[in-house]
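A short worksheet on the structure shown next.
Each reported figure results from applying straightforward, stated rules to the coordinates on display, with no laboratory input. The model shown is predicted, which means the values in this text are computed figures rather than measured ones. Virtual Cβ from ideal backbone geometry, glycine too; neighbours counted across all protein chains shown.
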Amino acid sequence: MSSASAALPQPQPSRTRAFLRLVMIEHSVFALPFAYIAALTAMFQWDKNIHWGRLLLVTICMVGLRTFAMAANRIIDREIDARNPRTAHRELVTGAVTVKSAWTGALIAVVVFLGSAALLNPLCLALAPVAVIPMVVYPYGKRFTNFPQAILGLAQAIGPVGAWLAITGEWSWTAVILGLAVGVWIGGFDLIYACQDVETDREVGVLSVPARFGIPAAIRGARVCHAITTALFVWYAVETDAGPFLWLGLVIVAGAFLYEHTLVRPHDLSRLNRAFFQVNGFIGIALFGCALLDLLVRGLTV
């Protein structure tokens, strides 16, 4: 490369692209499959037809709420992120995204979420503001409790419950079972994920299970959470009179959990990212695929 070309300013990503990186929009894949399982199961029990318009609104609601949650998390935690070598490259720390731009994106996302909820049914609109609360409380959780993963789990549990409400307009305890399964799953993995920040968290005063009780305790806690998750998935399958393909999906998920916990050891976190990005993504997609196939075989009409 010539000195002249090297001196040329490098193109900067657009503000929109930088914001999408900030909220890690591609990670919506972890939450959407379970919202779809809830929505499609509700449709199956309602009239056995897929209502594509409602499914689209569910998608918009999920992405909108998750985008708001991620943006709020990054804004609230930007000073903590700046003090952690693992997170010091995040866009609000480096200046790739300004706080004003992040708040603008967050507000647009929450308006999209509320607007989509309003188009679904009155109960969704009434409960939508309630769904926003844990999204804001979670990033503050690490400042006042050693168990912020419990708040994260509650936030994640909202998705399947809301998706069911979006279809039926009525409360469902069956959806709560699925929501709890998802919440305990994500909360359990976050116990592992927080292990990589133990030293920094202790230095800056961030509270977490690994920082308070140690990495081995956090990993044992994650194993318990994932055992509970498996039990809740089984309960959900029983409640919905699941067919063989969903049961096959649960076997696959149980195997994935076992594999995930072989990747991460108390004294070896080198494969943690593989467990997060690959195994967790696989769990959601695999269970959704099996659940969809199960519903289609049992009579769900496309």
Label model pair Arg143, Phe277: point-to-point distance (7 angstrom along the Cα→beta-carbon line) in nm is 3.1
Note, ³J(HN,Hα) from phi for the range 138-149, Karplus 6.51, -1.76, 1.60, rounded to Hz, x at Gly and Pro | 3, x, 7, x, 5, 9, 9, 9, 7, 10, x, 4
By how many nm would the segment from Asp241 to Val224 lengthen if fully extended, with 0.36 nm per residue of separation less the alpha-carbon distance?
-> 3.5 nm
Among Ser208, Val264, Ala231, whose Cα sits farthest toward the positive end of the charge dipole of the range 183-273 (+1 at Cβ of Lys/Arg, -1 at Cβ of Asp/Glu, about the Cα centre)?
-> Val264
Can you give the percent of C-alpha pairs in the range 100-206 whose distance is more than 20 Å?
-> 50
In the set (1) 1.00; (2) 1.04; (3) 0.97, which value of Rg/Rh (Cα atoms, Kirkwood Rh) was calculated from the structure you see?
-> (1)
Which whole-number percent is the relative contact order of the chain (Cα, under 8 Å, 6+ apart)?
-> 21
Orientation-averaged projected area, Cα convex hull of the range 1-155 (nm²) = 12.6
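Based only on Cα atoms, what mean projected area does the convex hull of the range 179-302 have, in nm²?
Its average projected convex-hull area is 8.1 nm².
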Rounded to the nearest 10 degrees, what's the angle between the helix 215-239 long axis and the longest principal axis of the chain, both from Cα atoms, 0 to 90?
-> 20
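Find the Rg to Rh ratio for the range 202-246, where Rh is the Kirkwood radius over alpha-carbon pairs and Rg uses the same atoms.
On the Cα set of the range 202-246, Rg over Rh gives 1.30.
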What nm distance separates the two modelled labels at Leu56 and Val251, each placed 7 Å from Cα along Cα→Cβ?
-> 3.9
Please report, to two decimal places, log10 I(q)/I(0) for the range 239-302 at q = 0.22 Å⁻¹ as given by the Debye formula with identical point scatterers on the Cα atoms and no solvent.
-> -0.84
Largest fluctuation, Phe144, Phe68, Phe44 only, Gaussian network model of the chain with Cα springs under 10 angstrom, belongs to Phe144
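Given +1 on the Cβ of Lys and Arg, -1 on the Cβ of Asp and Glu, and no further charges, what dipole in debye does the chain carry about its Cα centre, rounded to the nearest 20? All intermediate terms of the calculation are to be shown ahead of the outcome.
Numbers: 22 positive and 17 negative charges, 116 e Å.
Once rounded to the nearest 20, the dipole reads 560 debye.
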Determine ³J(HN,Hα), in whole Hz, for all residues of the range 37-54 in sequence, where each value follows from phi through the Karplus function 6.51 cos²θ - 1.76 cosθ + 1.60 and θ = phi - 60°; x replaces Gly and Pro.
-> 4, 5, 5, 5, 5, 4, 5, 4, 6, 7, 8, 6, 10, 7, 9, 5, x, 5
What residues from the range 210-244 fall in the zone where the backbone N is under 14 Å from a label point 7 Å along the Cα-to-C-beta line of His261?
-> 216-232
Would you calculate the separation in nanometres between label points at Ile133 and Val111, each defined as 7 Å from the Cα along the Cα-to-beta-carbon direction?
-> 2.5
Percent relative contact order for the range 81-216, counting Cα pairs under 8 Å at least six residues apart, stands at 22
Share of pairwise Cα separations in the range 34-125, more than 18 Å, in percent | 56
Placing +1 at every Lys and Arg Cβ and -1 at every Asp and Glu Cβ, with all other atoms neutral, what dipole size does the range 127-284 have around its Cα centre, in debye to the nearest 20?
-> 340
